[in-house]
1. Going through A:GLU52, A:GLU43 one at a time, which residue ends up being modelled with pLDDT under 95 and more than 22 Å from the chain's Cα centre (by Cα)?
2. Please verify whether A:GLY98 is buried (at least 18 other Cβ atoms within 10 Å of the Cβ) and not aliphatic (A, V, I, L, M), treating the condition exactly as stated.
3. Which ones in segment A:211-266 are among the β-branched types (Val, Ile, Thr) and either more than 8 Å from every other protein chain (Cβ to nearest Cβ) or within 16 Å of ligand 1 (Cβ to nearest atom) (or both)?
4. Which one is surrounded by the most Cβ atoms within 10 Å (Cβ to Cβ), of the residues in segment A:81-95 that are farther than 19 Å from A:GLN242 by Cα and more than 6 Å from ligand 3 (Cβ to nearest atom)?
5. Go through segment A:165-183 residue by residue and tally those that are within 16 Å of ligand 3 (Cβ to nearest atom) and either at pLDDT below 95 or within 11 Å of chain B (Cβ to nearest Cβ) (or both).
6. Restricting attention to segment B:1-56, which residues are farther than 23 Å from A:LEU130 by Cα, at the interface with another protein chain (Cβ under 10 Å from one of its Cβ atoms) and of a type in the set (Ser, Thr, Tyr)?
7. Looking at this structure, is A:PRO125 within 15 Å of A:ASN185 (Cα to Cα), within 13 Å of ligand 3 (Cβ to nearest atom) and not assigned by TED's automatic domain parsing to the domain that holds A:GLY230?
8. From B:GLY99, B:GLY84, B:GLY135, grab the single residue that is free of Cβ contacts under 8 Å to residues at least 60 places away in the same chain and away from chain A (no Cβ under 14 Å).
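The values are calculated or read from the model by the stated rules, or taken from the named source; none is laboratory data. Since the structure is predicted, the reported quantities are computational estimates derived from the model, not experimental observations. Positions of Cβ are backbone-derived with ideal geometry, glycine not excepted, and every protein chain shown enters the neighbour counts.
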Amino acid sequence: MTKDGALPKGFERPSRSPSQEKYEKVKSSSKTTTLRISKFNPESDSTSTFSEFKVHYQRWTTVLDAILEVKSNYDHSIGVRYSCRQATCGSCGMIINGKPRLACFTKISELDSDLVTVEPMNNFPIIRDLAVGFERLIATHKRIKPYIIRDDSEVTSETKEFLQSPEDVEKYIQFAGCIKCGLCNSACPTMATDSSFVGPQALAQAYRYVADNRDKGKDERLKIIDEPHGIWRCHFAGSCSQVCPKGVDPAMGIQLLRGYLLGYRK
Amino acid sequence: MEKDRKEGIKGMANPGRYGIERVAYWLMRITGLGLLFYFIGHIYETSNLLDGKAAWNSMLELTQTTEGHIFLTLVIGMCVFHTGNGIRLMIGQAGFGLGKPSRADYPYTPSSLNMKNKLCIYVSIGLAALAMMYGLGVMYDV
Ligand code: HEM
Ligand code: SF4
Ligand code: FES
């Protein structure tokens, strides 16, 4: 390009660059929806309110994309937690159109609605707006001892790998997929009324380790969950499994654990 | 409350959002409480026998009214659903009929919410409806 901005001889500036054209085309094919975001600051507000925004979306736009667009362009104060944007870190759980879902794993187009309402997860304390506190979930998770327990786990010069067959792995690997997003605890009807309930997330993890044949902590863990606010508070309503974004199926893990406690499984 | 966003009884009792299993959970609770209520009333009703034949007969007449018929029809329905779904729950909660754990694969259909369980719920509801119709037929002599 020459100094005054004119193109060198022989070159012609296209009226619109191909990428710009593509962008315009995509933009004109985009639809709009109303995004309602729940706003609540526990330090200053007594109830939550909703802020509404018109957002453009494509077939592939996720709810998280839309929230972040609003956050960078219209309201910087929106409190939202996210990290991986690919259903791996478990940070972005929220109530989307009435159901607990991952915002990064939910496309606006799949909601099939002119209105997208996002609220913080139920059964968790609100930090601000859409971000909730995970202290209780982490505490119950820790309580069931989420690690392999055995006497000979100290590494010595004699230590070898613990061998497992593919069949052994199959017994627990589904439960090892838990990303601690808390959607299951948010959907659970027992969690809705009992804050001391250990919850589907931790119970599913108790099963994950009990079913692992390298682990020797079965009795220890069964004792931890066999208490008044423990496993017996589950009524197999299945809502945890209905909302789990990783196919963990906590409801199955919980009933299988009960099988151990009732003596049907060894 | 807003701070903790615990859903409370309202969320616990809202059956609409999570599929038929959550509806069954709700029905189980309602019918369990309904049966408990009926059971207490039933003890009171039958204890009237101690006050002699007249008292007993006047008590029985209550069940011969339209309200009495509707009430008894509901009791029949509650009994049948609660028993049918109760058997499903006892089997499931003992760890049977849930499918086997396996590597999770998209779209992650949960195996514990399988067709066997759904079918049991629908059959329990269907049997309850049939029993209610049969009961109505007997009570109204059709
Ligand atoms: C054959 C008859 C019955 C069977 C198989 C049965 C089975 C069950 C089962 C498995 C549960 C636990 C449900 C859960 O985990 O959520 C339950 C709950 C309950 N049942 Fe029954 N039941 C029967 C009869 C009765 C009767 C006659 C009454 C009333 C006197 C009754 C009152 C209740 C109540 C109040 C609950 C608690 C409901 C809840 O917490 O959701 N049941 N029943
Ligand atoms: S079991 Fe599923 S829903 Fe629950 S915390 Fe783990 S990944 Fe999330
Ligand atoms: S941002 Fe990581 S799970 Fe959604």
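1. Details: A:GLU52 fails: modelled with pLDDT under 95.
One residue alone meets the criteria, A:GLU43.
2. Working: buried (at least 18 other Cβ atoms within 10 Å of the Cβ): no; not aliphatic (A, V, I, L, M): yes.
It is false that A:GLY98 is buried (at least 18 other Cβ atoms within 10 Å of the Cβ) and not aliphatic (A, V, I, L, M).
3. Of segment A:211-266, the ones among the β-branched types (Val, Ile, Thr) are A:224-225, A:231, A:243, A:248, A:254.
Listed by number, the residues that qualify are A:ILE224, A:ILE225, A:ILE231, A:ILE254.
4. A:ARG81
5. As a first pass, look at segment A:165-183 and keep what is within 16 Å of ligand 3 (Cβ to nearest atom): A:177-183.
Now narrow it down to the ones that are either at pLDDT below 95 or within 11 Å of chain B (Cβ to nearest Cβ) (or both): A:177-178.
Qualifying residue count for the region: 2.
6. Initially, segment B:1-56 is screened for residues farther than 23 Å from A:LEU130 by Cα, giving B:13, B:15-16, B:19-56.
Narrowing the set further to residues that are at the interface with another protein chain (Cβ under 10 Å from one of its Cβ atoms) leaves B:13, B:15-16, B:19-26, B:28-29.
Passing the criteria: only B:TYR25.
7. Numbers: within 15 Å of A:ASN185 (Cα to Cα): yes; within 13 Å of ligand 3 (Cβ to nearest atom): no; not assigned by TED's automatic domain parsing to the domain that holds A:GLY230: yes.
No, not satisfied.
8. On the way: B:GLY99 fails: away from chain A (no Cβ under 14 Å); B:GLY135 fails: free of Cβ contacts under 8 Å to residues at least 60 places away in the same chain.
Checking each option against the conditions leaves just B:GLY84.
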